[in-house]
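Provided herewith is a single structure, encoded as structure tokens, for subsequent inquiry.
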Amino acid sequence: MEKRKRKCIETRLPEAIIHIIQSFLSDEEAARTTVISKSWYKAWLTRPALVLVLRNLRRKSSAAEFSKFAAKTMRRYQDSNLKIESLSLKMRGCRRSSEPLARKLIADAMKLGATDLKLEFFPTGFALPAEVLGSETLLRLSVSGCKIDGNVNCSMLKSLSLDSVLLKREDMLRILTSCCNSIEELSLSNSPIVNYIIELRWQNLHEFHKLKRLYLERVPVGNSLTYLESQCPCLEDLSLVHCYNTGIHVKSSSLQRISIVQCAASGLQFEVPNLAVFSYSGRDIPAISIKARDEWESHISIERHHNETSSWYRDLHKRLTQLSLSRINLTIKIVGSRPCTNRCLNDIRAVANPVAVENMRVETEYDVGRIMRCLFRMCRPKLVTLCWLDCDCECWMSNNHSLRTLCEKLMGPTKRRKMFELKEGKMEVYEEDVAEWRPLLLQDATRAPPMGRKVRFHLKW
């Protein structure tokens, strides 16, 4: 029976389909498919997406083994006249003596038709081969830990990613961007221009008439983003990660998605009439001004520590009010003991106009009842999900009491429920064994609170 099943699997799928399936898997998962049948093993050996990884090249034995394995692998593709669509070459602990091998592997892969290159070297210093920068067929290039110099002729390049890259000339980034005028995706990480330019002067770069996605990480941007409207008229997706600035001002009629992660900016100002999704993640939310269409979503993720001031909830309410024209999705992670005090409750007691929130997720380790009382005074969530972080025995006992008290307030009586202006509340608990949400009566939760398990509430205000 087992042989019959294996034979069906082996004869049912052609090699091209197996290649497609393996391409959706990680390297380890794709390797495990080789035990299915001989055809899956053969497909893995001849896959068009070639991945070569060595993590400890400083050891001579490791370098020799990798050199032998890589040469044998490349020779198999050459002897069978197989096409390579993409090459991912990662060499950690790279030695000078290994650079000729890396250059040969890259050159051989490109001769076999590779149009997608992902190159990672550590420590940095590997000089990118001239064949790469001079390729007229390369479509995607991702480079980490390399030096870039020389002539550029990548006119077909659609995706370019530079991470911790050393540019040998001051005008190298401008040359790269001007010669690669078909780029649709651009990623700059860890200040690849740090040796020559203090900040990214976007206005000095070539116009990206086809650029749709821009990702910047740890790149000082200054006021250069104000030029996006004219420089990138087709930009749809903008991501800024750890980009320090005094203030960010973006005006673009094409932008649809904006993602901000841990950016130390005093204010965020966007004039984006076609915005669909705005995301922010960080310790605090800076002042936000967004001029967009009527229907757009905001996803806010923030972390509060126990040493924050009592005005934290009031500040959060102010920022959420600035986003009140959107459908707000809010995630709050609260760490540290006793983050909510009576002073916090009193500070937001007089808050007017609580903000409507579509989904709210709260991750905490202590005093969930008081936290929710603070949050319910400043916002009106339709769906609330509670997740408990690891906590000690004292926190567990306190949370058990807090959750019971919260359920009592949600279920009534009416005069106590009026405190939150709540019309109806329903509870669900997540069953890990079946991966499903199951309803739980609030009365039952008051008798036996489901501590340590994810719970959520459906609320009508």
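Yes or no: the stretch 110-125 includes at least one residue that is modelled with pLDDT under 90 and assigned to a helix (DSSP H, G or I).
No, there is no match, as no residue in the stretch 110-125 is modelled with pLDDT under 90 and assigned to a helix (DSSP H, G or I).
Kindly evaluate Asp237 against the criterion of being surrounded by fewer than 15 Cβ atoms within 10 Å (Cβ to Cβ), touching a residue at least 12 places away in the same chain (Cβ under 8 Å) and farther than 20 Å from Arg361 by Cα. Let's see the steps before the verdict.
Working: surrounded by fewer than 15 Cβ atoms within 10 Å (Cβ to Cβ): no; touching a residue at least 12 places away in the same chain (Cβ under 8 Å): yes; farther than 20 Å from Arg361 by Cα: yes.
Considered against the rule, which asks whether it is surrounded by fewer than 15 Cβ atoms within 10 Å (Cβ to Cβ), touching a residue at least 12 places away in the same chain (Cβ under 8 Å) and farther than 20 Å from Arg361 by Cα, Asp237 comes out as no.
A follow-up question, please. I'd like the residue in the stretch 400-450 that is of a type in the set (S, T, N, Q) and touching a Lys or Arg at 6+ places or on another chain (Cβ under 8 Å) and, out of all such residues, is modelled with the lowest pLDDT. Talk me through it step by step, then tell me what you get.
Looking only at the stretch 400-450, we keep the residues that are of a type in the set (S, T, N, Q), and these are 400, 402, 405, 414, 443, 446.
Right, trim to touching a Lys or Arg at 6+ places or on another chain (Cβ under 8 Å) and you get 402, 446.
Details: Ser402: 73, Thr446: 81.
Out of the qualifying residues, it is Ser402.
Please tell me if Ser86 is crowded, with 17+ Cβ neighbours inside 10 Å, under 14 Å from Val143 (Cα atoms) and not aromatic (Phe, Trp, Tyr).
Values: crowded, with 17+ Cβ neighbours inside 10 Å: yes; under 14 Å from Val143 (Cα atoms): yes; not aromatic (Phe, Trp, Tyr): yes.
Judged against the criteria, Ser86 is a match.
Go through the stretch 16-53 and report how many residues are among the polar types (S, T, N, Q) and assigned to a helix (DSSP H, G or I). I'd like the intermediate steps shown before the answer.
First, the residues of the stretch 16-53 that are among the polar types (S, T, N, Q): 22-23, 26, 33-34, 37, 39, 46.
From what is left, the residues that are assigned to a helix (DSSP H, G or I) are 22-23, 33-34, 39.
Qualifying residue count, the stretch 16-53: 5.
Output the number of the condition that Cys154 fails; it satisfies all remaining conditions of (1) crowded, with 19+ Cβ neighbours inside 10 Å; (2) part of a strand (DSSP E or B).
(2)
Provide a single number: the residues in the stretch 446-459 that are under 36 Å from the mean Cα position of the chain (by Cα) and among the small types (Gly, Ala, Ser). Spell out how you get there, then give the answer.
Step one: list which residues in the stretch 446-459 are under 36 Å from the mean Cα position of the chain (by Cα), which gives 449-459.
Pick out the ones that are also among the small types (Gly, Ala, Ser) and you get 452.
So the answer is 1.
The values are calculated or read from the model by the stated rules, or taken from the named source; none is laboratory data. These numbers were taken from a predicted model, which means no experiment stands behind them. Cβ atoms come from the backbone with ideal geometry, glycine included; neighbour counts cover every protein chain shown.
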